[in-house]
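The values are calculated or read from the model by the stated rules, or taken from the named source; none is laboratory data. Keep in mind that what you see is a predicted model, and the values were worked out from it rather than measured. Cβ placement follows ideal geometry from the backbone for every residue including glycine, while neighbour counts extend to all protein chains displayed. These area figures cover heavy atoms from the full protein model, side chains too; ligands, DNA and RNA do not enter into them. Shrake-Rupley method; radii C 1.70, N 1.55, O 1.52, S 1.80 Å.
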Amino acid sequence: MGSEPDGYDAFFEEQYPQVVAVLIAYRHFAPQIAEEAAAEAMTRLYLNWAKVRHPKAWVRTVAVREACRLARDQHAPLPETERADSKAGDDLAAVELALMTGSAVRALPPRQREVMVHVLADLKPEEIAGILGCTSETARSNIAHARRNLKRTMRMEEEA
């Protein structure tokens, strides 16, 4: 379609299921809230496509904020229990990865957990830094610490 911004359709096709999967598997939102939030974030991205420098990071940030707003408006408590929904869009690889790494990632300190959620969602350190409001070096450092802790955790689980 000639009216679509250059590259948006391909971005949407690839990223929409991943954003839904992240909201469900890592952030524990109900599937309906995740889908609505991802759709709203993608719509806003479409309207701002020419201005957004890091669309993956931007759309994930907007989707998380929108999901929080939707959950609050629907008086749905933010999920506290462990839950991953296998119907998280068509991106089966992202859902499988979420299920395999979910408990290990949840055991990380808060900042490392936040960084790893973005790493597992295929964001670059520069994009993560933009979301978290820190430098790329700080994001890389947090990623390195998180990976070391994950390796340590995985080794302990294998030995148990």
For segment 60-66, Karplus-derived ³J(HN,Hα) couplings (6.51, -1.76, 1.60; θ = phi - 60°; whole Hz; x for glycine and proline) come out as 5, 4, 5, 5, 5, 4, 5
Between residue 27 and residues 5 or more places away or on another chain, the pairs with built amide H atoms under 5 Å apart involve none
The size of the Cβ-based charge dipole (Lys, Arg +1; Asp, Glu -1) of segment 1-65 about the Cα centre, to the nearest 20 debye, is 440
Residue by residue through segment 30-39, the couplings from Karplus 6.51 cos²θ - 1.76 cosθ + 1.60 with θ = phi - 60°, in Hz, x for Gly and Pro, are 4, x, 5, 5, 4, 5, 5, 5, 5, 5
The answer for trypsin sites (Lys or Arg not before Pro) in segment 1-51 that fall in a DSSP coil and have at most 12 neighbouring Cβ atoms within 10 Å is 51
Probe 1.4 Å, heavy atoms of protein chains only: per residue, the accessible area of segment 1-78 in Å² is 54
Going residue by residue through segment 142-152, the Karplus relation 6.51 cos²θ - 1.76 cosθ + 1.60 with θ = phi - 60° gives ³J(HN,Hα) values, rounded to whole Hz and with x marking Gly or Pro, of 5, 4, 4, 4, 5, 5, 4, 5, 5, 4, 4
